[in-house]
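Visitor: Have a look at this one before I ask anything.
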Amino acid sequence: MNYRLLKPICFILFLSLNTNLMSQQDYDQKIEALLKQMTLEEKAGQMNQYNGFYDVTGPAPEGGNAALKYEHLKKGWVGSMLNVRGVEEVRKLQKLVVEESRLGIPMLFGFDVIHGLKTQSPIPLAEAASWDMEAIEKSASVAANEASAVGLNWTFAPMVDISRDARWGRVMEGGGEDPFLGAKVGVARVKGFQGKDLSLNSTIAATAKHFAAYGFAEAGKEYNTVDIGTNTLYNMVFPPFKAAVEANVQSVMNGFNILNGVPVTADAVLQRDFLKGKWGFQGFVISDWSSIAEIAPHGFAKDLKHAGEIAANAGSDMDMESKAYVTHLAASVREGKVAESYVDDAVRRILKVKFELGLFDDPYRYCNEDREKERLFHKDHMEAVLDMAKKSIVLLKNDTGLLPLKKDQKGIVVIGDLADDKNSPLGSWRLASDNNSAVSVLEGINSYTKDYSFVQGPKYFDDNASFLQHVSINTDDTAGMEKAVEAAKNASVVVLVAGEHGFMSGEARSRTNIDLPGLQHQLIKAIHEVNKNIVLVLMNGRPLALPWEAEHIPTILETWQLGSQSGLAIAQTLFGDNNPSGKLPMTFPRSVGQVPIYYNQYRTGRAKQEPNVFWSHYADEKNSPQFPFGHGLSYTQFKYKDLKITTTGQKETTVSVTLSNTGKIKGQEVVQLYLSDPVASVVRPIKELKAFEKVALEAGASKTIRFVLTEKELGFYTNDYEWTVEPGTFQIMVGGSSAQGLTASFELE
Ligand code: BGC
């Protein structure tokens with residue numbers, strides 16, 4: 001057969017239909033026609049993803065084995081590449097494949113667009129703190145807009161892993177500890193990336209990751225074992241993934257961890273039974289970086305070929321950088337180790353996403369030089385990420401009303417290495433960003449007043465930290481300490497900026513101590529001795545344990561890592577042009593020894609029994625957190641009253657509450673409803689977030705908020721994965737955090 005002739009024929013076939021107008025049936029026909037022409041090697045090739053030639057986000061050979069990769073590209077043995085970006089580079093590689101491979105099937109170009117491409121949004125954990133789904137969706141659409149302008153058509157985001165362990169560096173990348181909030185955030189991000197029409201050149205395919213339970217790595221240690229029970233898996237870990245599937249996410253990434261002794265990449269129950277079976281997922285599963293190869297060192301396969309067989313049988317459709325499929329899969333099929341129908345299913349799924357993206361219509365759809373010039377750092381994008389940043393800030397404490405500062409406030413002294421850092425606010429996972437491109441806190445303050453002084457104090461971090469290294473921390477050079485203390489003595493207010501370096505969180509950045517690294521605690525204490533008027537501005541990628549600061553510093557503003565416009569958002573908040581409205585998406589512990597700590601704990605058999613010692617507690621620390629999930633203050637005050645349950649029934653239970661702004665300025669409050677099912681056939685958490693609404697109120701105004709609870713909110717999954725709603729008493733709590741609120745209960749017959 002003359003293969004050269006085939007390609008033009010099949011391309012004409014594809015080009016004859018505009019993908020926008022294509023129905024599922026049309027795709028299916030085209031896909032079947034193409035599948036018939038493919039050799040086993042070409043099918044395995046579609047299931048193969050290679051890293052590019054420069055950047056790496058995992059272990060990779062020097063230079064990326066360029067010669068071999070080029071050879072495979074030309075053969076059509078590469079379905080996708082990651083970490084390639086820029087219109088010129090993407091076009092070059094796409095052209096190679098489309099014009100030189102036998103069937104010319106265009107490639108997917110994937111990248112970790114985690115919180116922006118060039119214009120950086122706040123880190124995802126910070127965005128989750130906004131509880132503002134519209135803003136989050138907008139922020140993801142900005143990221144998609146820029147990513148698509150540099151040739152990318154696929155992001156490995158959102159990470160929807162529920163995580164309760166602040167030691168784990170990747171908590172910065174997710175939506176926090178709660179499945180309800182986590183699912184909402186995940187869906188908002190999927191919608192933002194994918195838009196309403198995936199074939200537009202401004203939208204990209206999203207990935208829900210890491211399926212499943214990667215966020216439960218033991219002791220918060222990266223790549224560590226996961227060992228959780230069915231109740232937690234079904235009711236805590238699964239919901240955000242299921243919600244992302246329902247929101248039509250195009251791909252799901254598996255992970256590095258094991259679960260029940262099975263590497264999740266090798267887990268057919270997870271991938272075939274749940275994801276593609278019960279949930280009807282239509283997209284494809286991408287492995288994590290070399291997670292197929294890692295099935296062998298886990299002790300679950302004897303070598304790479306065997307690992308590939310297990311992964312393919314388990315439903316891992318595309319192999320990221322393991323080279324298992326491209327090297328061995330065709331042989332495994334011929335030997336009867338993998339059913340060809342599994343391979344066909346994987347290829348169908350991958351091709352379908354390529355169709356949806358419009359790549360068969362135009363393989364260079366995302367390669368537009370004008371867009372590339374025009375979209376990056378676009379003014380509209382800067383506005384959107386500033387808005388997102390302002391909404392992500394959480395006011396943890398404001399005991400003495402130091403904030404907001406007066407605009408004409410005299411004698412402000414700004415202290416701290418992070419105050420003029422233009423890199424750390426960009427956070428981790430921002431491979432394509434420009435170093436030092438964030439607005440620093442100092443620059444932000446400068447836009448309000450020049451009447452302040454800045455003292456760096458001791459240097460906290462090494463300047464040369466990079467994505468690929470650990471950050472070196474100064475623990476003994478106190479130079480600058482004296483100067484800082486001296487300046488603080490006469491200040492009317494000290495704005496002290498402290499926290500983590502931007503690369504201290506993220507992948508492979510687990511910590512055993514989640515305090516302020518280096519000399520920061522020492523500095524804060526020294527300043528506190530001479531001046532109590534301190535506003536502590538925290539900049540960090542995870543919850544921190546700061547018991548001393550929480551007790552002694554009157555004002556604490558959690559600013560996370562807020563991205564490109566960080567300093568502006570912080571300054572606008574310090575000076576009262578932004579009234580903070582964020583609420584914590586993760587519990588802040590008093591001590592690292594309490595971790596994992598989370599609000600939706602299961603009931604124990606030993607609740608408080610003082611003075612008896614035999615109850616579930618610590619001998620040296622309280623059980624309660626430092627700052628609970630859902631906590632966050634405002635410059636105004638809110639009061640809750642009149643909690644009422646107006647109707648009750650299996651179909652609908654309506655709960656209403658009246659919220660009043662009793663302060664002097666306009667503000668926003670996140671009204672949170674928690675539900676408790678005290679007697680059930682599976683032990684339920686002491687409370688669970690089931691509804692929330694972010695409400696804006698003028699000073700003095702009141703509003704009645706209504707929540708409708710249905711089967712969806714009242715039920716849970718049994719250990720047989722049956723959704724069940726059990727009659728009996730339900731308790732509810734409505735308030736401004738998970739720790740307190742008005743309570744009521746109702747009976748369900
Ligand atoms: C991470 C993934 C990421 C991939 C590609 C892996 O190490 O776990 O989340 O998408 O690398 O960069």
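Visitor: Tally up the residues in the stretch 123-143 that are within 16 Å of the ligand (Cβ to nearest atom) and aliphatic (A, V, I, L, M), please.
Guide: Just the residues of the stretch 123-143 that are within 16 Å of the ligand (Cβ to nearest atom), to begin with: 123-125, 140, 143.
If we keep only those that are aliphatic (A, V, I, L, M) as well, we get 123, 125, 140, 143.
Looking only at that region, the number is 4.
Visitor: Would you mention how many residues in the stretch 411-437 are assigned to a helix (DSSP H, G or I), touching a Leu at 6+ places or on another chain (Cβ under 8 Å) and in contact (Cβ under 8 Å) with a residue 60 or more places away in the chain? Before the answer, list the steps.
Guide: Narrowing the stretch 411-437 to residues assigned to a helix (DSSP H, G or I): 417-420, 424-426.
Now restrict to residues that are touching a Leu at 6+ places or on another chain (Cβ under 8 Å): 419-420, 424-425.
Then keep just the ones that are in contact (Cβ under 8 Å) with a residue 60 or more places away in the chain; that gives 419, 424-425.
Number of matching residues: 3.
Visitor: Next question. Pick out, from the stretch 52-149, the helices (runs of 4 or more DSSP H) lying fully within it that include 2 or more residues that are farther than 26 Å from Asn368 by Cα and not β-branched (Val, Ile, Thr).
Guide: Details: elements: 66-75, 87-100, 124-128, 133-149.
Where helices (runs of 4 or more DSSP H) fall fully within the stretch 52-149 and carry at least 2 residues being farther than 26 Å from Asn368 by Cα and not β-branched (Val, Ile, Thr), they are 66-75, 124-128, 133-149.
Visitor: For the stretch 623-681, which residues satisfy the criterion of being touching an Asp or Glu at 6+ places or on another chain (Cβ under 6 Å) and of a type in the set (Val, Ile, Thr)?
Guide: The answer is Thr658, Val671.
Visitor: Scan the stretch 510-517 and give yes if some residue there is over 19 Å from Arg170 (Cβ atoms) and crowded, with 24+ Cβ neighbours inside 10 Å, otherwise no.
Guide: So far as the stretch 510-517 goes, no, none of its residues is over 19 Å from Arg170 (Cβ atoms) and crowded, with 24+ Cβ neighbours inside 10 Å.
Visitor: Next up: So which of Lys337, Lys276, Lys352 ends up being part of a loop (DSSP other than H, G, I, E, B), charged (D, E, K, R) and farther than 30 Å from Ser564 by Cα?
Guide: Values: Lys276 fails: part of a loop (DSSP other than H, G, I, E, B); Lys352 fails: part of a loop (DSSP other than H, G, I, E, B).
Unique residue meeting the criteria: Lys337.
Visitor: Collect the residues in the stretch 475-503 that are surrounded by fewer than 23 Cβ atoms within 10 Å (Cβ to Cβ) and farther than 28 Å from Gly411 by Cβ, keeping them in residue-number order.
Guide: Thr475, Asp476, Asp477
Visitor: How many residues, within the stretch 691-714, are of a type outside the set (Asp, Glu) and surrounded by fewer than 17 Cβ atoms within 10 Å (Cβ to Cβ)?
Guide: At the first step, the residues of the stretch 691-714 found to be of a type outside the set (Asp, Glu) are 691-692, 694-697, 699-710, 712, 714.
Within this subset, residues satisfying the condition of being surrounded by fewer than 17 Cβ atoms within 10 Å (Cβ to Cβ) are 696, 699-704, 706, 708, 710, 712.
Summing the residues that are of a type outside the set (Asp, Glu) and surrounded by fewer than 17 Cβ atoms within 10 Å (Cβ to Cβ) in the stretch 691-714 gives 11.
Visitor: Another one. Within the stretch 174-191, count every residue that is away from the ligand (no atom under 16 Å from the Cβ) and either outside any helix (DSSP H, G or I) or more than 16 Å from Phe241 (Cα to Cα) (or both).
Guide: 3
Visitor: Here's a follow-up. For the stretch 220-237, which residues satisfy the criterion of being part of a helix (DSSP H, G or I) and among the hydrophobic types (A, V, I, L, M, F, W, C)?
Guide: Leu233, Met236, Val237
Visitor: Also: Step by step: first the residues of the stretch 152-173, then only those that are among the basic types (Lys, Arg) and assigned to a loop (DSSP other than H, G, I, E, B), then the one that is nearest to the ligand (Cβ to nearest atom). Which residue is that?
Guide: Per the criteria, the residue is Arg167.
Visitor: I would also like to ask the following. Go through (1) assigned to a loop (DSSP other than H, G, I, E, B); (2) under 23 Å from the mean Cα position of the chain (by Cα); (3) of a type in the set (Lys, Arg) and name the single condition Lys209 misses.
Guide: For Lys209, the failing item is (1).
Visitor: Considering only residues that are away from the ligand (no atom under 15 Å from the Cβ) and touching a helix residue (DSSP H, G or I) at 6+ places or on another chain (Cβ under 9 Å), look in the stretch 217-232 and name the one that is farthest from Asp720 (Cα to Cα).
Guide: Looking at residues that are away from the ligand (no atom under 15 Å from the Cβ) and touching a helix residue (DSSP H, G or I) at 6+ places or on another chain (Cβ under 9 Å), I get Gly220.
Visitor: Identify the single condition in (1) β-branched (Val, Ile, Thr); (2) in contact with a Phe, Trp or Tyr (Cβ under 9 Å, 6 or more places away or on another chain); (3) more than 16 Å from the ligand (Cβ to nearest atom) that Thr207 does not satisfy, given that it satisfies every other one.
Guide: (3)
Visitor: Additional query: If Asn201 passes every condition in (1) within 15 Å of the ligand (Cβ to nearest atom); (2) more than 29 Å from Lys687 (Cα to Cα); (3) assigned to a loop (DSSP other than H, G, I, E, B) but one, which one does it miss?
Guide: (1)
Visitor: Quick check: anything in the stretch 42-59 among the aliphatic types (A, V, I, L, M), within 16 Å of the ligand (Cβ to nearest atom) and surrounded by fewer than 24 Cβ atoms within 10 Å (Cβ to Cβ)?
Guide: Of the residues in the stretch 42-59, the ones among the aliphatic types (A, V, I, L, M) are 44, 47, 56.
Checking the rest, the ones that are also within 16 Å of the ligand (Cβ to nearest atom) come to 56.
Those left that are additionally surrounded by fewer than 24 Cβ atoms within 10 Å (Cβ to Cβ): 56.
Within the stretch 42-59, one or more residues are among the aliphatic types (A, V, I, L, M), within 16 Å of the ligand (Cβ to nearest atom) and surrounded by fewer than 24 Cβ atoms within 10 Å (Cβ to Cβ).
Visitor: May I pose another question? In the stretch 653-688, which residue that is touching a helix residue (DSSP H, G or I) at 6+ places or on another chain (Cβ under 8 Å) and surrounded by 21 or more Cβ atoms within 10 Å (Cβ to Cβ) is farthest from Glu134 (Cα to Cα)? Walk me through it before giving the result.
Guide: Initial filter on the stretch 653-688 (touching a helix residue (DSSP H, G or I) at 6+ places or on another chain (Cβ under 8 Å)): 653, 675, 677, 682-683, 688.
Applying the additional criterion that residues be surrounded by 21 or more Cβ atoms within 10 Å (Cβ to Cβ) yields 653, 675, 677, 688.
Values: Thr653: 26, Leu675: 25, Asp677: 31, Glu688: 23 Å.
Restricting to residues being touching a helix residue (DSSP H, G or I) at 6+ places or on another chain (Cβ under 8 Å) and surrounded by 21 or more Cβ atoms within 10 Å (Cβ to Cβ), the top hit is Asp677.
Visitor: Let me ask another. So in the stretch 247-288, with the set limited to residues that are among the acidic types (Asp, Glu) and buried (at least 17 other Cβ atoms within 10 Å of the Cβ), which one is farthest from His210 (Cα to Cα)? Please lay out each step first, then the result.
Guide: Our first condition is that a residue be among the acidic types (Asp, Glu); within the stretch 247-288, this holds for 267, 273, 288.
Then keep just the ones that are buried (at least 17 other Cβ atoms within 10 Å of the Cβ); that gives 267, 288.
Values: Asp267: 13, Asp288: 8 Å.
Selected residue: Asp267.
Visitor: Gly593 - would you say it is in contact (Cβ under 8 Å) with a residue 12 or more places away in the chain, at positive phi and not polar (S, T, N, Q)?
Guide: On the way: in contact (Cβ under 8 Å) with a residue 12 or more places away in the chain: yes; at positive phi: no; not polar (S, T, N, Q): yes.
So Gly593 fails the test.
Visitor: For Leu496, which of the numbered conditions (1) under 29 Å from the mean Cα position of the chain (by Cα); (2) within 30 Å of Asn224 (Cα to Cα) fails to hold?
Guide: It is condition (2) that Leu496 fails.
Visitor: Go over the candidates Gln120, Gln24, Gln29 one by one and state the one that is among the polar types (S, T, N, Q), buried (at least 24 other Cβ atoms within 10 Å of the Cβ) and more than 16 Å from the ligand (Cβ to nearest atom). Spell out the reasoning first.
Guide: Values: Gln24 fails: buried (at least 24 other Cβ atoms within 10 Å of the Cβ); Gln29 fails: buried (at least 24 other Cβ atoms within 10 Å of the Cβ).
Testing whether each residue is among the polar types (S, T, N, Q), buried (at least 24 other Cβ atoms within 10 Å of the Cβ) and more than 16 Å from the ligand (Cβ to nearest atom) leaves just Gln120.
Just so you know, all these numbers are worked out from the coordinates, no wet-lab data involved. Source: prediction; values computed, not measured. No Cβ is skipped: glycine too gets one built from the backbone with ideal geometry, and neighbour counts run over all protein chains shown.
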